[in-house]
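Report on the structure given below.
The values are calculated or read from the model by the stated rules, or taken from the named source; none is laboratory data. Computed from a prediction, not measured in an experiment: that's the story for all the values here. Note that each Cβ is placed from the backbone with ideal geometry, even for glycine, and that neighbours are counted across all protein chains shown. Please note that ligands, DNA and RNA were not included when accessible areas were found on the heavy atoms of the full protein model with its side chains. Shrake-Rupley method; radii C 1.70, N 1.55, O 1.52, S 1.80 Å.
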Amino acid sequence: MLNGKVIVLGVTGGIAAYKAAALCSKLTQRGADVHVIMTSSAKQFITELTLQSLTKNPVYSDTFDERDPSVVSHIHLADLADLVLVAPATANIIGKMANGLADDMLSTTLLATTAPVMVCPAMNVHMYTHPAVIANMETLASRGVSFIEPGEGLLACGYVGKGRMEEPEKIVEVVETFFEQRETEDAHSGSDKAAGILTGKKVVVTAGGTIERIDPVRYITNDSSGKMGFAIAKAAKEMGADVHLIAAHTDAASPEGIKIEHVESAQDMYEAVMREFEDSDLIVKAAAVADYRPAKAAPLKLKKQGETMTLELVKTTDILETLGQNKKSQFLIGFAAETNSVEQYATDKLRRKNCDLIVANDVTQSGAGFGTDTNSVHIYDSEGLVLHLPLLSKEDIARRLLVLAAERMAKGEA
Ligand code: CTP
């Protein structure tokens, strides 16, 4: 969830500083790249070595201890951060932040950053409710700083009340929700970014589940509703593309203004896709294609016979794999609907089928996968995870995916 996110963690001098170790560990385990800045008082409670060992990054505390001559550390960290988290935050750092003071590594970084700032106060209950501290927090909140409120309970100073820093598990949850919401907002604003981005491009989209005939009244199919493929076709058209939509069995309403080529079986879809492949720029294989079909489709309705019946199935042609083997400049996107080991199966498919991107979803997750109007996906390229899209409408997922593809196509990455 926090893969690739740079979190600058400011640790200040309160007894809750010991909790910074658990926080570093949990953020790092979730994939965040954590850079710790400690105040000199924080070092009275916990060592640099502890936090350095947990984050695998150097810990900063002295503004003048410049280890890399090519950068100014506090500016570099301020620029690098996707989020600056101050935990624990004493009344002193809150006061300095509110008043724009910059007399150590942490306060200068906080003043220099344009990244979002999140503060986890931890102090004695009387300090926390002191009008000066409240006024400082209000000032910061009005500037967009967010606060993770301390919990109530027995404080280290002996008082019972509010002031105990929120537990690391809870802080990590808030941080994850923050990044998830930001991605959702980005997805919505993606519509502006997307305008005209596929103009002049021929985009082939496949949707739905193929039907493999047993006889004229019976068939094998799957749960695909076609909604994801339709949403992609619609988004591609809105982005200016010339869209060719090839659809097998679907339950979804057809996207307006897009001509659909209806197909039934994997073989029909294979032939339709191959006719469009040569001059296409982008192919998105959202269809759920049967891997096997009956060896023979009976021309007449089969009559029941014995107590059991054996149906012989033979492999269908893997369309995506064929496209992957034959592609020249075309950009190829595959889908992988999985119920387990999502990353491993998806990245295996990407390599095996020579795709540029693969969109993977765990269909056991509620709100993601077949039939729903929403989806939650991980998008991989040959190097690994490129983008995680949390639960969003299939339209938003489609837009984000196509923006990503268009950007890569523009860089000639097919
Ligand atoms: N696909 C295809 N032709 C097939 C089977 C699959 O083009 N005969 C495409 C799908 O449209 C999808 C991707 O391959 O984009 C992955 O489909 P999936 O069925 O998950 O992959 P398989 O290789 O069949 O793997 P599995 O063993 O999980 O079924």
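A search for C-beta distances below 6 Å between a residue of the range 331-342 that is touching a residue at least 12 places away in the same chain (Cβ under 8 Å) and any residue that is basic (Lys, Arg) and part of a strand (DSSP E or B), counting only pairs 6+ apart in sequence or on different chains, returns Gly334/Lys285.
Every condition in (1) more than 12 Å from the ligand (Cβ to nearest atom); (2) under 30 Å from Glu407 (Cβ atoms) holds for Asp251 except the one numbered (2). Filter the range 279-289 down to the residues that are away from the ligand (no atom under 11 Å from the Cβ) and open to solvent by less than 30 Å² (accessible area, probe 1.4 Å), then identify the one that is farthest from the chain's Cα centre (by Cα). Per the stated criteria, the residue is Ser280. For the range 78-90, residues that are open to solvent by 20 Å² or more (accessible area, probe 1.4 Å) and hydrophobic (A, V, I, L, M, F, W, C) total 1.
State yes or no: is Thr364 closer than 19 Å to Ser224 by Cβ, surrounded by fewer than 18 Cβ atoms within 10 Å (Cβ to Cβ), of a type outside the set (Asp, Glu) and assigned by TED's automatic domain parsing to the domain that holds Tyr219? Walk me through it before giving the result.
Values: closer than 19 Å to Ser224 by Cβ: yes; surrounded by fewer than 18 Cβ atoms within 10 Å (Cβ to Cβ): yes; of a type outside the set (Asp, Glu): yes; assigned by TED's automatic domain parsing to the domain that holds Tyr219: yes.
Considered against the rule, which asks whether it is closer than 19 Å to Ser224 by Cβ, surrounded by fewer than 18 Cβ atoms within 10 Å (Cβ to Cβ), of a type outside the set (Asp, Glu) and assigned by TED's automatic domain parsing to the domain that holds Tyr219, Thr364 comes out as yes.
Are any residues in the range 318-359 within 9 Å of the ligand (Cβ to nearest atom) and assigned to a helix (DSSP H, G or I), and if so, which ones? Before you say what the answer is, go through the steps one by one.
Residues of the range 318-359 that are within 9 Å of the ligand (Cβ to nearest atom), as a first pass: 318-323, 333-338, 345-346, 348-349, 352-353, 355, 358-359.
Selection gives Ile319, Leu320, Glu321, Thr322, Leu323, Tyr345, Ala346, Asp348, Lys349, Arg352.
Annotation note: of Glu276, Glu264, Glu307, the sole residue that is more than 23 Å from Thr199 (Cα to Cα), in the same structural domain as Ile214 (by TED's automatic domain parsing) and either under 34 Å from the mean Cα position of the chain (by Cα) or within 9 Å of the ligand (Cβ to nearest atom) (or both) is Glu264.
Between Arg293, Arg275, which is more than 19 Å from Phe335 (Cβ to Cβ) and either buried (at least 19 other Cβ atoms within 10 Å of the Cβ) or of a type in the set (Ser, Thr, Tyr) (or both)? Spell out the reasoning first.
Values: Arg275 fails: either buried (at least 19 other Cβ atoms within 10 Å of the Cβ) or of a type in the set (Ser, Thr, Tyr) (or both).
Testing whether each residue is more than 19 Å from Phe335 (Cβ to Cβ) and either buried (at least 19 other Cβ atoms within 10 Å of the Cβ) or of a type in the set (Ser, Thr, Tyr) (or both) leaves just Arg293.
One residue stands out in the range 96-151 among those that are without any contact (Cβ under 8 Å) to a residue 24 or more places away in the chain and surrounded by 18 or more Cβ atoms within 10 Å (Cβ to Cβ): the one that is nearest to Asp65 (Cα to Cα), namely Ser107. Does Gly100 satisfy the condition of being closer than 16 Å to Gly14 by Cβ, out of contact with any Phe, Trp or Tyr (no Cβ under 9 Å at 6 or more places or on another chain) and either of a type outside the set (A, V, I, L, M, F, W, C) or not assigned by TED's automatic domain parsing to the domain that holds Gly13 (or both)? No; evaluated as a whole, the condition is false for this residue. When every residue of the range 73-84 is checked against the conditions, none turns out to be over 32 Å from the mean Cα position of the chain (by Cα) and of a type in the set (Gly, Ala, Ser). Restricting the first member to the range 309-326 and to residues that are touching a residue at least 24 places away in the same chain (Cβ under 8 Å) and open to solvent by less than 70 Å² (accessible area, probe 1.4 Å), and the second to residues that are assigned to a strand (DSSP E or B) and near the ligand (Cβ under 7 Å from one of its atoms), the beta-carbon pairs closer than 8 Å and six or more apart or on different chains are Ile319/Thr206; Ile319/Lys285; Leu320/Lys285; Leu320/Gly334; Leu323/Lys285. Here Glu212 clears all of (1) open to solvent by 10 Å² or more (accessible area, probe 1.4 Å); (2) among the charged types (D, E, K, R); (3) within 14 Å of the ligand (Cβ to nearest atom) except the condition numbered (1).
Is it the case that the range 324-343 has a residue that's among the hydroxyl-bearing types (Ser, Thr, Tyr) and either under 17 Å from Gln267 (Cβ atoms) or not assigned by TED's automatic domain parsing to the domain that holds Phe370 (or both)?
Initial filter on the range 324-343 (among the hydroxyl-bearing types (Ser, Thr, Tyr)): 329, 339, 341.
Retained after the next criterion (residues that are either under 17 Å from Gln267 (Cβ atoms) or not assigned by TED's automatic domain parsing to the domain that holds Phe370 (or both)): none.
The answer is no; no qualifying residue exists.
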